[in-house]
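Have a look at the structure that comes next, please.
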Amino acid sequence: SASVPLQYTTNRYVGSAVAAAYLASETDYRAVLTREFDNVTPENEMKWGTIEAVRGQYDWSGADAIVQYAQTHHKTVRGHTLVWHSQLPDWVGALPADELRRVLRDHVTTEVKRYKGKIRAWDVVNEIFNEDGTWRDTVFHQKLGEGFVADVFRWAHAADPHAKLYINDYNIEGINPKSDAVYNLVKTLRRQGVPISGVGIQGHLSIQYGFPGQYRENLARFAKIGVETAVTEADVRIPTPPDAAKLATQASYFGQLWDGCHAVRKCVEFTTWGFTDRHSWVPDVFPGEGAACLFDENLRPKPAYFALNP
Ligand code: XIL
């Protein structure tokens, strides 16, 4: 079984996405989280659609609970996420440009200030590019233009000058048109003096599609332009049902993600998107796939867990 908890095996932050509801209701879930990890990322609790579904009516309960848990147990928090086209309230999408800009500034400032000093790193913008490297067609891009990105980083920095500020996306593990777009944008923003500290590489993989090419080279090129990287949402989906061979492939993918991060000094964090197959977004979103986490439904460590060895 697991002898040395993950958090003590490495000098990287090791985290998991966490749901406030399970943290409150499941003692065994909470115990494994507390034992194994030293960073937590709220899975949904800090998204705009959770905290302000109705304009002016805030619900901070889930986010507050997770931040309180982190403070009590000396975990860092990755704030997720300030600006995203998904889980965005309809009322925001309906605003005219000038009002959207004011509301966006207010949203970023209010949320970042509320947790000032308690968030190590924020996913400031999430998923702003398409696979081919063009800008995703969102209300922010449509109404405010590309400049919304520089704006939100500046507003977040003003609200909490010590928090690390990240751009986050999926399918940017390897070198490809999408990660090229992130790379070019980050370079431009840094040149313009925009306070961006890092690139979050989500790390949602499937054993069906092969391990992404040039992962280490990708991490290294970001380091070279002076920004941190973090694996922010790692999971490795398996076509169900899992068997020993599939679990071994999954372990190898997790191991490669982990090893690559440890090979690049500026890769500072390895966070998984949930830690137990009991609670994972994968079966809901990818029909026919599952078992994507490090621990099974009974919280027993899987082969993938043992593949994480620096
Ligand atoms: C997912 C959550 O895990 C689900 O509970 C929710 O229904 C949808 O969002 N990329 C992200 C995360 O940045 O916020 C997403 O989280 C998973 C993909």
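For segment 140-292, what D do you get in µm² per second when you plug the Kirkwood radius from alpha-carbon pairs into Stokes-Einstein at 37 °C and 0.692 mPa s?
Values: Rh = 16.6 Å.
Approximately 198 µm²/s, per Stokes-Einstein.
Which three numbers, in whole Å and largest first, are the semi-axes of the equivalent ellipsoid of segment 119-166 derived from its Cα gyration tensor as √(5λ)?
On the way: eigenvalues 102, 32, 9 Å².
Computed over segment 119-166, the values are 23, 13, 7 Å.
Turning to a different aspect of this structure: Please report, to two decimal places, log10 I(q)/I(0) for segment 63-142 at q = 0.18, 0.20, 0.22 Å⁻¹ as given by the Debye formula with identical point scatterers on the Cα atoms and no solvent.
Result of the Debye calculation: -0.84, -0.96, -1.06.
Treating cross-link reach as a plain straight distance, find the aspartates and glutamates whose alpha-carbon is under 12 Å from the alpha-carbon of K118, omitting any fewer than eight places away in the same chain.
Those aspartates and glutamates meeting the cut-off are D64, D160.
Express the Stokes-Einstein translational diffusion coefficient of segment 117-203 in µm² s⁻¹, to the nearest whole number, given a Kirkwood radius over alpha-carbon pairs, 4 °C and a viscosity of 1.567 mPa s.
Details: Rh = 13.2 Å.
Calculated translational D: 98 µm²/s.
Working only with C-alpha atoms, what are the Rg and Dmax values of segment 209-310, expressed in angstrom?
When restricted to Cα atoms, segment 209-310 yields Rg and Dmax of 14.1, 43 Å.
Treating the beta-carbon of each Lys and Arg as +1 and of each Asp and Glu as -1, no other charges, what is the dipole magnitude of segment 1-144 about its Cα centre, to the nearest 20 debye? Numbers along the way, then the final one.
Working: 17 positive and 19 negative charges, 125 e Å.
Approximately 600 debye in magnitude.
Right, another one. Grab the DSSP H runs of the chain that are 4 residues or longer, score each as -39,500 (n - 2.57), total them, divide by all residues and round the 222 nm result to the nearest 500 deg cm²/dmol. Please report the intermediate quantities before stating the final value.
Details: 13 runs with 126 residues, N = 310.
That calculation yields -12000 deg cm²/dmol at 222 nm.
Now, a different point. Could you rank the peptides 114-124, 187-197 by their average count of other C-beta atoms within 10 Å per residue, with the highest value first?
Values: 114-124: 20.9, 187-197: 15.4.
Put in order of decreasing packing, that is 114-124, 187-197.
In addition: Given R₀ = 30 Å, FRET efficiency for V285-T110 by Cβ-Cβ distance, to 0.05? Before the final figure, lay out each step's value.
Numbers: r = 29 Å, r/R0 = 0.98.
It comes to 0.55.
Something else now. On alpha-carbon atoms, Rg over Rh for segment 251-310 using Kirkwood Rh?
Numbers: Rg = 12.5 Å, Rh = 12.3 Å.
When Rh is taken as the Kirkwood radius, the ratio is 1.01.
Of W48, F275, F153, which is farthest along the charge dipole of the chain in the positive direction, counting Lys and Arg as +1 and Asp and Glu as -1 at C-beta?
F153
Measure nothing but the geometry: give the 0 to 90° angle between the long axis through the Cα atoms of 177-191 and the longest principal axis through the Cα atoms of the chain, rounded to 10°.
The helix 177-191 is inclined about 50 degrees to the chain.
Can you tell me the relative contact order of the chain? Whole percent, Cα pairs under 8 Å, sequence separation 6 or more. If you can, show how the numbers build up before the last one.
Details: 592 pairs, mean separation 50.3, N = 310.
Relative contact order for the chain comes out at 16 percent.
Starting from the 7 Å offset along Cα-to-Cβ, what nm value, one decimal, do you get for the label separation of T134 and D28?
About 4.9 nm separates the two model spin labels.
Next question. Provide the convex hull volume over Cα atoms per residue for the chain, in Å³. Please report the intermediate quantities before stating the final value.
Numbers: hull volume 38.4 nm³, N = 310.
With only Cα atoms used, the chain gives 124 Å³ per residue.
In the neighborhood of I172, defined by Cβ-to-Cβ distances under 12 Å, what is the net charge if each Lys or Arg adds +1 and each Asp or Glu adds -1? Kindly include the intermediate steps, with their values, before the conclusion.
Details: positive: K178, R221; negative: E127, E131, D169, E173, D180, E233.
Value of the local net charge: -4.
Sort 57-63, 9-15 by packing, meaning the average of other beta carbons within 10 Å per residue, with the highest value first. Present the calculation step by step, with values, prior to reporting the outcome.
On the way: 57-63: 15.6, 9-15: 19.0.
Those peptides, ordered most packed to least, come out 9-15, 57-63.
Going 7 Å from the Cα of A94 in the Cα-to-Cβ direction, what parts of segment 41-66 have a backbone nitrogen less than 15 Å from that spot?
What the label zone holds, given the 15 Å backbone N cut-off, is 53-57.
To continue, here is another question. Over the chain, what is the percentage of antiparallel beta bridges among all DSSP beta bridges, to the nearest 5?
On the way: 5 of 40 bridges.
Taking every DSSP beta bridge within the chain, about 10 percent pair in antiparallel fashion.
Go through the cysteines of the chain and tell me which have no other cysteine Cβ under 4.7 Å away.
C293
Below 13 angstrom from the Cβ of L219, what's the summed charge of the other residues (Lys, Arg +1; Asp, Glu -1)? The partial results should precede the final answer.
Details: positive: R12, R216, R221, K224, R265, K266; negative: E173, E217, E228, D259, E269.
Once positives and negatives cancel, what remains is +1.
What's the magnitude of the charge dipole for the chain around its Cα centre, counting Lys and Arg as +1 and Asp and Glu as -1 at the beta-carbon? Answer in Debye, nearest 20. Provide the component values of the computation, followed by the final result.
Working: 33 positive and 37 negative charges, 237 e Å.
The calculation lands at about 1140 debye.
Computed from the coordinates by the stated procedures, all read-outs in this text should not be read as laboratory data. Computed from a predicted model, the values in this text were never measured in an experiment. Counting neighbours? That spans all protein chains shown, and the Cβs are built from the backbone with ideal geometry, glycine included.
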